[in-house]
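Every number in this text was worked out from the coordinates using simple rules, so none of it is lab data. Keep in mind it's a predicted model, so treat the numbers as computed, not measured. For neighbour counting, all protein chains shown are included, and Cβ atoms are generated from backbone atoms with ideal geometry for every residue, glycine included.
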Amino acid sequence: MSHSRDALNYLINDSSAEGERLSSDPKYLELFSRLPRHVWIKTYFDFNQGTLNLPAPYDQLSVPLWQLLDRFGLTVRKQGAGLHFNSLLMNRADRLPFPDFISNDPPLLYRLTSAIPPDSVVAYLGGADLADEWQNTLTTLAHVNPAYGLIVEGLLRAQLQRLFGDDVDLRDDLYPLFQGEYALVFEQNTEAPLATKLILAHHDRPFIEAKMTKLLDGFRALSAQFAPELKIIDLSDEEQNREMVLDPNRMQESNEPVAGTPVSCVSVSESAYGFCYAITDDLLILSNQRYAVESSLLSNQSEDASLHASRPFRHIVSQLTTVSSEMSYLDLTRLNAALSESPYGPMVHNWLQGLSQVAWVKHYFKDGVSTEGVLTFF
């Protein structure tokens, strides 16, 4: 089927004549030689033949990024009670020197899944080194336009200083926390809101504690902007000094142990500002919900009660290549429930109905990025 008669006539005429065919294109053949052969679905896109027309200002970033890409291929095949898919996105090596991005870090071993509860996880995204991946992103943007990386990092620095003050430095205080394996987790407790949680591996507890203390002190110092109270001081009969100060009744802090580890929380009532964190000998756990920090501490003490030991998770991971740079996992049943109250709930409900889990891993090569994934049904 096609919306164009000319396109159908071209296919009919070309199939009966000697001429250029996609099946004999060397670039097409080279890409699919790196993907599975016996498949149900095969998709191919050549970025050199297409254009992207977006309105301003989106075109200022999307068009240069499009010009860095070369080809894309996707294959899908049946595997057990689900589908196995592979993709390869190739870049233009002359414009994007991808070898510079390849990290020498060890492959992802999913070690942090031992600190994720299996009965409440909605999504898990893991990688070998968050700081390294962020630097790769900035480098990619810099190849699109040298100013883009500086702009993005500048926006992040401004937001960091707004929350924690000028004494907190992006590169000296924040980036060092992200050097190592990470797990970004979305967790849904039936009695609490959806939680966003970041688990970071570390090897220097005193260093991490010092950095978190600095961040916490900076947040306290600036919390008046989130919980303001007008303070009026009479300077004379006719003059007054008006100053916005912290409302002490709205600043809430706690530091209670869970499984022998203190969980520190700071928040501003009637606002979305605040966080909780816990530090163990090898983990830093941060979340916007206390229960999410507690659940990781409990899971980490009993591996049998962790995502790492969960049979559905282990089954889907066993179908993927073990060596990878990044991994993503979604429990589609819980995702459907978590989205039910959102504006997107009705739209995605039918799409997710009947689906169980999906997981995929990414591999970085000199000329592109490969994705391998599995989607399972009930």
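The protection proxy used here, the mean number of other Cβ atoms lying within 10 Å of each residue, ranks peptides 273-283, 21-31, 257-267 as follows, highest first: 273-283, 257-267, 21-31.
If you take every residue apart from Thr280 with its C-beta less than 12 Å away from the C-beta of Thr280, what net charge results, scoring Lys and Arg +1 and Asp and Glu -1? Can you show the working numbers first?
Numbers: positive: Arg205; negative: Glu209, Asp281, Asp282.
For residues surrounding Thr280, the net value is -2.
Once the Kirkwood radius over Cα pairs is known for region 274-378, the Stokes-Einstein relation at 20 °C and 1.002 mPa s delivers a diffusion coefficient of 132 µm²/s.
Taking amide H as placed 1.01 Å from N in the peptide plane, the amide H of Phe47 sits under 5 Å from that of Arg71, Phe72, each at least 5 places away or on another chain.
The overall shape of region 293-350 is oblate: from the C-alpha gyration tensor, with semi-axes ordered a ≥ b ≥ c, the ratio a/c is 1.5 or greater and a/b is no larger than b/c. Couplings 3J(HN,Hα) of region 334-349, computed from phi: 5, 4, 4, 5, 5, 8, 4, 8, 8, x, 8, x, x, 6, 9, 4 Hz, in residue order, whole Hz [Karplus 6.51 cos²θ - 1.76 cosθ + 1.60, θ = phi - 60°; x for Gly and Pro].
Summing +1 for each Lys or Arg and -1 for each Asp or Glu, what net charge is found among the other residues whose Cβ lies under 11 Å from the Cβ of Pro262? Walk me through the intermediate numbers first.
Values: positive: none; negative: Glu209, Glu256.
After counting each charged neighbour, the total is -2.
Neighbour counts of C-beta atoms inside 10 Å place His38, His202 in the sequence His38, His202, starting with the fewest.
Taking Lys and Arg as +1 and Asp and Glu as -1, the other residues whose beta-carbon sits under 14 Å from that of Ala183 total -4. Converting phi to 3J(HN,Hα) with the Karplus coefficients 6.51, -1.76 and 1.60 and the offset θ = phi - 60°, region 139-156 yields 5, 4, 4, 5, 6, 5, 7, x, 7, 5, x, 5, 5, 4, 5, x, 5, 5 Hz in sequence order, with x at every glycine or proline.
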